[in-house]
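Report on the following structure.
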Amino acid sequence: MKHYIFIVFLALALTSCNKELSFENETFEKESTIPCKKDCPKITINVPIAKNIPIVADSINKKVFSVIKEIVYFEEDPSKANDYKSLVASFITSFEEMHKKFPTETFGWEGKIKGNVEFESDQIINIKIDQYTFTGGAHGYQGVRSLLFHPQTGKTIFTDEIFKNEKEFKAFAEKEFRAKYKIPEKLNINATGLMFENDKFQLPQNIFYTKEGLLLYYNSYEAASYADGPKELLFPYAKVSQYLKYQ
């Protein structure tokens, strides 16, 4: 009997060890019940949920949720939204409360969040978050977020941590950026109408690992106006591998 129990325990242990981290996208939606003919307020969140390895998955899922919450949560009490169902509900609640105050000016609220695993290796996991929100005004806000994780721990990797020497990579990237956007080397980085803070080149807030290479992505307002749109620079890995800690 003891021998049988040991075999069962060993089988379960091996099964557990053989489990690999995986992701499965789930969708959460909510639409206002206030009658409308067009531009009916709605929010949709489609997000990859990490599974199989509890500690790692929990760390990744919490970070992804916190980032999406920053994008679409407008209520004062953050404790009201602790999962995606309550988060989409809070977005619609915020609209309906605003609609009570300004009934003719608030239709058109919209939230669209789409997440996917952009890149996955033994060293790094990159989740991309595409976001669009409109809550009034001349236009909505559209942008992307890059979330980097350690596959073994699920802990966040910050963009400055991916480089062996960030200063050296930054100097290399500026030369490539100037070449792509035709900014003469002797002129200031904003000489052609860009909007880098303090007129100094900076790496973007979001850097992506993709199948094609390392992507530097500047959202609107980060390096240029909304009208000029986002700026991006893609490097094949062969060209930048010398600068990278993770590949």
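The values are calculated or read from the model by the stated rules, or taken from the named source; none is laboratory data. What you are looking at is a predicted structure, and each value in this text was computed from that prediction instead of being measured. Every residue, glycine as well, gets a Cβ built from its backbone with ideal geometry; the counts of neighbours run over all protein chains shown. We work out accessible area using only protein heavy atoms, side chains counted, and drop any ligands, DNA or RNA first. Shrake-Rupley method; radii C 1.70, N 1.55, O 1.52, S 1.80 Å.
Once the 1.4 Å probe is applied to the protein heavy atoms, the chain comes out at 59 Å² accessible per residue. Which aspartates and glutamates have a Cα lying under 13 Å from the Cα of K69, excluding residues fewer than 8 positions away in the same chain? Cα-Cα hits under 13 Å: D77, D83.
Only protein atoms count toward the accessible area here, which uses a 1.4 Å probe; on the stretch 36-116, the carbon and sulfur part of that area reaches 53 percent. Scoring 51-63, 93-105 by mean Cβ neighbours within 10 Å over their residues and listing the highest first yields 51-63, 93-105.
Counting only Cβ charges, +1 for Lys and Arg and -1 for Asp and Glu, the dipole size of the chain around its Cα centre is about 400 debye. Among the listed pairs K155/K180; K62/K231; K38/K231; K63/K114; K85/K245; K114/K211, those with a Cα-Cα distance over 27 Å are K155/K180; K62/K231; K38/K231; K85/K245.
Per residue, the average separation of C-alpha pairs within less than 8 Å and at least 6 apart gives the chain a relative contact order of 14 percent.
Summarising the label geometry, the points placed 7 Å from Cα in the beta-carbon direction at L234 and S86 lie 4.1 nm from one another.
Using 0.36 nm per residue and subtracting the Cα-Cα separation, the extra length available between Q142 and E166 on full extension is 5.9 nm.
Note on K186: lysines with a C-alpha under 20 Å away, same-chain residues under 8 apart excluded, are K167, K170, K175, K200.
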